[in-house]
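The values are calculated or read from the model by the stated rules, or taken from the named source; none is laboratory data. Computed from a predicted model, the values in this text were never measured in an experiment. Here the Cβ positions follow ideal geometry from the backbone for every residue, glycine too, while neighbour counts run over all protein chains shown. Accessible surface areas use protein heavy atoms only, side chains included; no ligands, DNA or RNA. Shrake-Rupley method; radii C 1.70, N 1.55, O 1.52, S 1.80 Å.
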Amino acid sequence: MHIVVIGAGYVGLVTGVGLAGLADHRVTFVETAPDRLEALRAGRMPIVEPGLEEAFGAARQRIEVAGRLEAVRSPDVVFVAVARRRRGHRDQV
């Protein structure tokens, strides 16, 4: 199964790496933040979560990282894990 995860923050990255570790799931992360995108492409984790870097490394052959949704082809499932603005909290993304 090809799973696309839009947003590679705490929710998306941990979820996607976990799914990539199951069966033969292929996971494509779509991340637009340049610093996170660069880190993931280099195999470095942009967040701190115990065991995540090791799990990412173990599943690396089933993980792709894209900077644009248009680069993704034929997903079976799309998981959206992005922050949203809340009323009264304009400084948060």
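Observations, loosely collected:
- Counting only alpha carbon atoms, the long axis of helix 10-20 and the longest principal axis of the chain meet at about 10°.
- Dipole magnitude (debye, nearest 20) for the chain, charges at Cβ of Lys, Arg, Asp, Glu: 420
- FRET E, pair Ala83, Met1, Förster distance 25 Å, beta-carbon r, rounded to 0.05: 0.45
- Each DSSP beta bridge with both residues in the chain is either parallel or antiparallel, and the antiparallel ones are about 5%.
- A full extension of the chain between Ser74 and Leu22 corresponds to an added length of 16.8 nm, given 0.36 nm per residue minus the alpha carbon distance.
- Sparsely packed trypsin sites (Lys or Arg not before Pro) within region 1-64, loop by DSSP, other Cβ within 10 Å at most 14: Arg44
- Apportionment of accessible area to carbon and sulfur, the chain, percent (1.4 Å): 52
- CD proxy at 222 nm, helix term only [per DSSP H run n ≥ 4: -39500 (n - 2.57); per residue of the chain; nearest 500]: -8000 deg cm²/dmol
- Neighbour net charge for Pro34 - beta-carbon separation under 15 angstrom, K R +1, D E -1: +1
- Surface per residue (accessible, 1.4 Å probe) for the chain, Å²: 65
- Only Cα pairs under 8 Å and 6+ residues apart enter the sum, and on that basis the relative contact order of the chain stands at 40 percent.
- Annotation: average projected area of region 50-89 is 5.1 square nanometres, based on the convex hull of Cα atoms across all directions.
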